[in-house]
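Q: Sharing a structure, written as structure tokens. Questions coming.
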Amino acid sequence: MSKTKENILFAALRLFARDGYEAVSVSAIAGELKMTKGALYKHYKNKRDIFDRIVERVFLDDVERAAKYGIPEEDFEKAPLSFKNISMENFIDFVKAAFRVWLEDELFYNFRKMLTIEQYRNSEMANLYHMCITDNKYIEDLFREMIEQGILKKNNPKLLALEFYAPFHILIDTALVDKLFDKEEAVNLLSAHIERFMDINSAKK
């Protein structure tokens, strides 16, 4: 991606996160970058094209991170065999890396903020918010397989997923929105939560 295309993408997302997707025009995005609409249209067809590239970038980054840590890149329904023999250590490293991205990366921070605003106005945004932020099905499937492999104690994988992942999002919100503690404290609290979760639920002491 060229530097200009990247600048447009990030400037648009900052505006989407501040004002909401529907309220932002191509003129506003161009004005933010002190360029003409004509110059912007040389890089993106329209506002929707910018939005689609943002979503594509977020999903591609997530897939690349999963691959780096040896975690399934697709849902269980699409690739069930990839959920076999997952290392708990790799999974934990993946979760910690993802937490830092959502907490610190400008793209992910503003993407989350945009979806939080727009989920009440737009059903497509609501679906994206669920898919990217609140859906625990991926974790549930991982935990079910880990239970079958004897990595985790026998338990309800849906409840385990809720127990494991809820603090992930609570800590992000309390650090970024409520400002109750700084980012490093949020990272340390997540690590403590994961350690406690594993101490309680691991089948291999």
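Please treat every number below as a calculation from the coordinates, not as lab data. As the structure is a computational prediction, the values presented were derived from the model and not from experiment. Methodologically, a virtual Cβ is constructed for each residue, glycine included, from the backbone with ideal geometry; neighbour enumeration extends over all protein chains shown.
Q: For a quick check of your reading of the filter: which GluC sites (Glu not before Pro) in segment 24-118 sit in a DSSP loop and have no more than 11 other Cβ atoms within 10 Å?
A: Glu77
Q: When the helix-only estimate is applied to the chain (DSSP H runs of n ≥ 4, each -39,500 (n - 2.57), divided by the residue count), what is the mean residue ellipticity at 222 nm, nearest 500 deg cm²/dmol?
A: The helix-only estimate for the chain comes to -22000 deg cm²/dmol at 222 nm.
Q: Something else: Using alpha carbons only, what's the Rg to Rh ratio of segment 1-118 with Rh from Kirkwood?
A: My calculation of the ratio gives 1.07.
Q: Report the label-to-label distance for Ala192 and Leu162 in nanometres (one decimal), using points 7 Å from each Cα along the Cα→Cβ vector.
A: Label-label distance for Ala192 and Leu162, simple model: 2.5 nm.
Q: State the extension gain, in nm to one decimal, for the chain segment bounded by Thr134 and Lys96, taking 0.36 nm per residue of separation less the distance between their alpha-carbons.
A: 12.0 nm
Q: Then there's this: Just the number, please: Stokes-Einstein D of the chain in µm²/s, Kirkwood Rh from C-alpha pairs, 10 °C, 1.306 mPa s.
A: Diffusion coefficient, whole number: 85 µm²/s.
Q: Nearest 10 degrees is fine. How inclined is helix 137-148 to the longest principal axis of the chain, computing both from alpha carbons?
A: Between the helix axis and the principal axis of the chain, the angle is about 20 degrees.
Q: May I pose another question? A 29 angstrom limit on the alpha carbon distance is what I want to check against. Which of Lys5/Lys113; Lys45/Lys113; Lys96/Lys154; Lys5/Lys68; Lys45/Lys96 exceed it?
A: Correct reply: Lys45/Lys96.
Q: For the chain, the longest stretch holding no chymotrypsin sites (Phe, Trp or Tyr not before Pro) located in a DSSP loop with at most 13 other Cβ atoms within 10 Å is which?
A: That would be 1-119.
Q: Does anyone have the angle between helix 157-176 and the longest principal axis of the chain? Alpha-carbon axes, 0 to 90°, nearest 10?
A: That works out to roughly 40 degrees.
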